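The values are calculated or read from the model by the stated rules, or taken from the named source; none is laboratory data. The structure displayed is predicted, hence computed values, not measured ones. Quick reminder, even Gly has a Cβ in these numbers, built from the backbone with ideal geometry, and neighbours come from all protein chains shown.
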Amino acid sequence: MHERHDAYKAHTMSDASRERVALLMEEAAEVIVICGKILRHGWDSHNPLDTHPETNRELLAREVADFNFALELMDKAEELHPGDVAGALVDARANKRQWLHFQGDVL
Ligand SMILES: [Mg+2]
């Protein structure tokens, strides 16, 4: 009983760490929004009401960069290590391919 209680004990987080997690979460959500726009309107579509429109492709590049920046902050804070992400990527390549239907042998 005590071991279980210890495993679920309350944790503390610094404001800086909370901010990094919030940023990563927000940027992930922004990537999702642009992916939805690509599915609905296409890669090279843009908002016709914008005076300086960016294509969905450009917007996705920007949001992925924002996401990577949040990862970079976590790396600098030693919260999420690039080596761990790289290792997980190797696993993803090995495991996700079997569930893809249309990607051929690109990887
Ligand atoms: Mg963003």
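Residues in the range 54-72 that are among the acidic types (Asp, Glu) and either modelled with pLDDT under 95 or out of contact with any Asp or Glu (no Cβ under 6 Å at 6 or more places or on another chain) (or both): how many?
Final tally of qualifying residues: 3.
Would you check if there is a residue in the range 92-107 being closer than 30 Å to Ala16 by Cβ and away from the ligand (no atom under 16 Å from the Cβ)? Yes: the range 92-107 contains one or more residues that are closer than 30 Å to Ala16 by Cβ and away from the ligand (no atom under 16 Å from the Cβ). Just to be sure, is Thr51 more than 14 Å from the ligand (Cβ to nearest atom) and modelled with pLDDT of 95 or more? So Thr51 does not fit the description; no.
Screening the candidates Asp15, Asp44 for the property of being in contact with a strand residue (DSSP E or B) (Cβ under 7 Å, 6 or more places away or on another chain), away from the ligand (no atom under 16 Å from the Cβ) and either without any contact (Cβ under 8 Å) to a residue 40 or more places away in the chain or of a type in the set (Ser, Thr, Tyr) (or both) yields one hit, Asp44.
Inspection of the range 18-31 identifies at least one residue that is closer than 15 Å to Ala70 by Cα, within 16 Å of the ligand (Cβ to nearest atom), among the β-branched types (Val, Ile, Thr) and touching a Leu at 6+ places or on another chain (Cβ under 9 Å).
Looking at the structure I just gave you, is Asp66 surrounded by 13 or more Cβ atoms within 10 Å (Cβ to Cβ) and without any contact (Cβ under 8 Å) to a residue 60 or more places away in the chain? Talk me through it step by step, then tell me what you get.
Details: surrounded by 13 or more Cβ atoms within 10 Å (Cβ to Cβ): yes; without any contact (Cβ under 8 Å) to a residue 60 or more places away in the chain: yes.
Yes.
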